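The values are calculated or read from the model by the stated rules, or taken from the named source; none is laboratory data. Nothing here was measured: the structure is a model prediction, and the numbers come from that model. Virtual Cβ from ideal backbone geometry, glycine too; neighbours counted across all protein chains shown. We work out accessible area using only protein heavy atoms, side chains counted, and drop any ligands, DNA or RNA first. Shrake-Rupley method; radii C 1.70, N 1.55, O 1.52, S 1.80 Å.
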Amino acid sequence: MRIRPIEQADRDYFIRSVNEFYHSPAVCHEISPRNAERTFELLMHGSPYADCLIAEDEGGAPCAYLLIALTWSNEAGGLCVWMEELMVNESMRGKGIGSKMIAAVHEKYNNAARFRLEVTAGNPRAAALYRILGFEDLPYRQMIMDPPPDRAIQ
């Protein structure tokens with residue numbers, strides 16, 4: 001297995017996998033299919049705020065992606081690496097790919113002050129993995145505010 005940066009050739013895999021991710025117990029709601037396309041284009045043109053790693057199986061085919069959002073955290077005192085989405089193909093789960101991808105993020109962003117992720121109550125297997133890897137629950141309740149549709153980015 002090889003872990004590498006996302007490439008233009010990963011477009012169909014990424015879009016399909018994001019769609020699968022947002023129809024799984026890993027998330028609480030669906031998103032617009034345009035979001036995955038916009039995110040892919042952002043990743044291809046470079047951004048200081050986003051990154052994505054792809055895992056390949058032994059045959060060189062993509063089998064997982066990990067989307068990363070980069071922010072500054074005053075609370076943590078430095079770079080905060082949000083592991084925004086981790087999706088491993090169902091047929092490849094239980095083979096250590098998620099752990100290896102998280103290790104690759106730690107290696108790539110070894111100067112980060114904090115690594116952060118979210119997990120839903122409907123995804124206890126992922127939560128167990130994250131705890132084994134050293135993540136712990138935050139005593140925060142997260143809140144969001146999406147702009148009204150007339151203000152949303154087109």
Index of the failed condition, Ser73 passing every other in (1) out of contact with any Lys or Arg (no Cβ under 6 Å at 6 or more places or on another chain); (2) more than 19 Å from Phe21 (Cβ to Cβ); (3) surrounded by 14 or more Cβ atoms within 10 Å (Cβ to Cβ); (4) not β-branched (Val, Ile, Thr): (1)
Single condition Glu85 does not satisfy, out of (1) crowded, with 16+ Cβ neighbours inside 10 Å; (2) in a loop (DSSP other than H, G, I, E, B); (3) in contact (Cβ under 8 Å) with a residue 40 or more places away in the chain; (4) not aliphatic (A, V, I, L, M): (2)
Tally, over segment 117-146, of residues that are surrounded by 15 or more Cβ atoms within 10 Å (Cβ to Cβ) and either free of Cβ contacts under 8 Å to residues at least 24 places away in the same chain or under 20 Å from Ile3 (Cβ atoms) (or both): 6
Extreme residue, nearest to Gly122 (Cα to Cα), among residues of segment 12-52 that are open to solvent by 80 Å² or more (accessible area, probe 1.4 Å) and assigned to a loop (DSSP other than H, G, I, E, B): Pro25
Qualifying residue in segment 2-11 (condition: open to solvent by 50 Å² or more (accessible area, probe 1.4 Å) and touching an Asp or Glu at 6+ places or on another chain (Cβ under 6 Å)): yes
Residue within segment 100-117 that is at pLDDT 95 or above, among the β-branched types (Val, Ile, Thr) and assigned to a helix (DSSP H, G or I) present: yes
